[in-house]
Each structure stands twice: as C-alpha cells, then as structure tokens.
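**Q** A single structure is presented below for examination.
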Amino acid sequence: MSRFARRASLGLLAFYAVAAGFGATPGIGLVVANGSFQVDHSTVWGSATLFDGNTIETNVSSSQLQLNNGVNLRLAAETRARIYESRLVLEKGIGQLESVQYRIEAASLQVEAAQPGATARVQLTGSKRVVVAARDGEVRVRNGEGVLIARLDSGHEITFEPQESGATVTKVSGILAIKDGKFIVVDRTTNVTMQLQGTGLEAEVGNLVEVTGTVDAAAPTVAGASQLIDVTSIKRLTKGTRPAAAGAAGAGAAGGAAAGAAAGGLSTGAVVAIVGGVAAAGTLGGLAAAHALPGQGSSQPSTSR
C-alpha cells in the first residue's frame, strides 16, 4: 500500500472514531423559541438539540424545552439555566416545570411537581432568594439535603431564602395536635408536618402556637412528618378563637434573633417560618396567578419533530 493510501486510511479511521464519539453522547431533547436564544453562549434561531449540561439563555422570547423522557419545561424571557436529563439548574430568571419525575434547582433548593398535571414555577429574585409558585396541582420544595421544607397547594406561592450553612434553628407555627401519641404541628406557612418533643407541649394541644427549636438527629416516627424538632420554647398565639393574652412566653433569644433576621430579609408583614435551614414567607404575588410567563406570547412554538 502506498504512503498516500496509508495516510488516507488513517484519516478515515480518525474520522469514524470522532463520529462514533459524537454518537456516544446522544441529545436529551429539543429547545424551541419564537426568536433567538443562546446555547452554550452561541446564538441559535428557532430550535436546537439539547445535550446533557447545555446552558440555555433566552432573550426577549420565552423558550420551550421538551426532553426525550417526556419532561416539559419553559424558560421565561431573560432567563438562564443549565439542562440535564434529570434536573434543570436555574441561574437567572424564571423556569416552569410541567412534569413529574424531574426537578428544578435554584439556590440549593429542589422544586418538583407532586402529581401529574401540576405545574411549578420558580423565580430567582436574588442570589439566595427564590419564589416558588404552584399552578394546577401540588408542588413540593426540598432543601439541599433533600429534606421536605414546603408543600404548596395550587394557586399559592412562597418566597424562600436559605440561611447560613449549618443553621439549625427551626421556627414554625400552627395548631398543636397529637398523632399516634406524638406531638405534631402543621406549619401554616410551609404546610409541612413537624414532630415535636420537649416540655410544655401537652398544655398547648389545640392552640395556635409558635414553636422554636432545633432539628434532632433522629428520624421522626410520625408518618408524614418531615423532621423531629427538639422544642426550646413555645409561644401561644391563640387559645381557641380568642387571641392569646399579652405576656405569653417568648420565643427565646437565639430563635427570636434568627426569626427576626429572616422576617426582615423576606417580608415585614408575612408570617415567616424557618424549616430545614431555609426561611420561608407566604406571598401574594403574581407568579402563581399569571396566565403566561414573561416573553410567552399567544402563539407558542411547537416542539413536534
């Protein structure tokens, strides 16, 4: 075989090796938009195939993402996110999840639709502040360790702000009850169930209370409870239907300081909870009520291929 033929053969072998390498990393879905957007900082018009780890950044129009596993997502205008086969990491703007068995991550939080047909909207409003809204079904939020910190019913939204790493203070409020012989409270802000242990609880059963404590390392024994809380203080807010008397027991210095900081950071008028190292305050914003995302016009692109 001549030297030229040998070189040509080697060149063909190298070409097929590269082609096989590309074939080993198939696309995970498709992104489409009525206009331009960026994929890994390169401008694209109309549509593009998605690969695991791509960064998508929208411009003035929203985009629609359809993955091969059946997951559907939307990104509002002026939004940036990294897309993976099992999750979307929101870095700026608003993302919308329209499928189960998938999650949106933002500022260490994990957001998922709890049932088929539910829609979750997630907005980054600061480096650590996240608004989560539920449309058409229940949405669940977990912290970075996977602990359930909120359940949102359809039409509700909550603003979250992760606290400093290692924060253990918990602050919840709700009706103190007994389940399976254990004390529990369903927090009125986050709608999660906490199992409680400590002194002074029995006298407050049936009352609306504010509880401050720390997370116990042991797992809760009450079905449906998110965490086991060692109560350091309990404050009665309402006995039956009557307001609690002035001068009820305070929340404690450490818990009160943490709660005050969270309330100041989130909302001065909202009831603030601290669950799983994350401050949460219910909001009455437009994210849950809005018919469409920013940049989402009446004529939407199709992801059919």
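The values are calculated or read from the model by the stated rules, or taken from the named source; none is laboratory data. Predicted model only: the values in this text are computed from it and were never measured. FYI the Cβ positions are ideal-geometry reconstructions off the backbone, even for glycines, and counts take in every protein chain you see.
Condition check ((1) of a type in the set (Asp, Glu); (2) more than 22 Å from Gly277 (Cβ to Cβ); (3) in a loop (DSSP other than H, G, I, E, B)) across all residues:
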{"position": "Thr170", "(1), (2), (3)": "no, no, no"}
{"position": "Ser173", "(1), (2), (3)": "no, no, no"}
{"position": "Leu196", "(1), (2), (3)": "no, no, no"}
{"position": "Thr199", "(1), (2), (3)": "no, yes, yes"}
{"position": "Val209", "(1), (2), (3)": "no, no, no"}
{"position": "Gly213", "(1), (2), (3)": "no, no, no"}
{"position": "Val222", "(1), (2), (3)": "no, no, yes"}
{"position": "Ser226", "(1), (2), (3)": "no, no, no"}
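**Q** Further question on the same structure: Return the residues of the range 22-48 that are farther than 19 Å from Gly295 by Cα and either of a type in the set (D, E, K, R) or loosely packed, with under 13 Cβ neighbours inside 10 Å (or both); say none if nothing qualifies.
**A** Passing the criteria: Phe22, Gly23, Ala24, Thr25, Pro26, Asp40, His41, Ser42.
**Q** Residues Arg129, Arg82, Arg74: which one is under 25 Å from Thr190 (Cβ atoms) and of a type in the set (Lys, Arg)?
**A** That would be Arg129, the only listed residue that is under 25 Å from Thr190 (Cβ atoms) and of a type in the set (Lys, Arg).
**Q** Hey, any hits in the range 56-76 for a residue that's more than 21 Å from Ala292 (Cβ to Cβ) and either crowded, with 24+ Cβ neighbours inside 10 Å or hydroxyl-bearing (Ser, Thr, Tyr) (or both)?
**A** Within the range 56-76 (the criterion being more than 21 Å from Ala292 (Cβ to Cβ) and either crowded, with 24+ Cβ neighbours inside 10 Å or hydroxyl-bearing (Ser, Thr, Tyr) (or both)), the answer is no, since none of the residues qualifies.
**Q** Applying the selection to the range 61-100, what residues are modelled with pLDDT of 95 or more, outside any strand (DSSP E or B) and among the hydrophobic types (A, V, I, L, M, F, W, C)?
**A** Within the range 61-100, Val71, Ala76, Ala77 meet the criteria.
**Q** Would it be correct to say that Thr79 is polar (S, T, N, Q), free of Cβ contacts under 8 Å to residues at least 60 places away in the same chain and farther than 21 Å from Gly29 by Cα?
**A** No.
**Q** Would you check if there is a residue in the range 232-243 being in a loop (DSSP other than H, G, I, E, B) and either more than 29 Å from the chain's Cα centre (by Cα) or at pLDDT 50 or above (or both)?
**A** The answer is yes; a qualifying residue exists.
**Q** Moving to a separate point now. So, in the range 202-233, exactly how many residues are free of Cβ contacts under 8 Å to residues at least 60 places away in the same chain, surrounded by 15 or more Cβ atoms within 10 Å (Cβ to Cβ), out of contact with any Ser or Thr (no Cβ under 6 Å at 6 or more places or on another chain) and not charged (D, E, K, R)?
**A** The total comes to 7.
**Q** Hey, can you tell me all the residues within the range 124-162 that are assigned to a strand (DSSP E or B), out of contact with any Gly (no Cβ under 9 Å at 6 or more places or on another chain) and of a type in the set (Val, Ile, Thr)?
**A** Answer for the range 124-162, where residues must be assigned to a strand (DSSP E or B), out of contact with any Gly (no Cβ under 9 Å at 6 or more places or on another chain) and of a type in the set (Val, Ile, Thr): Val130, Val132, Val139, Val141.
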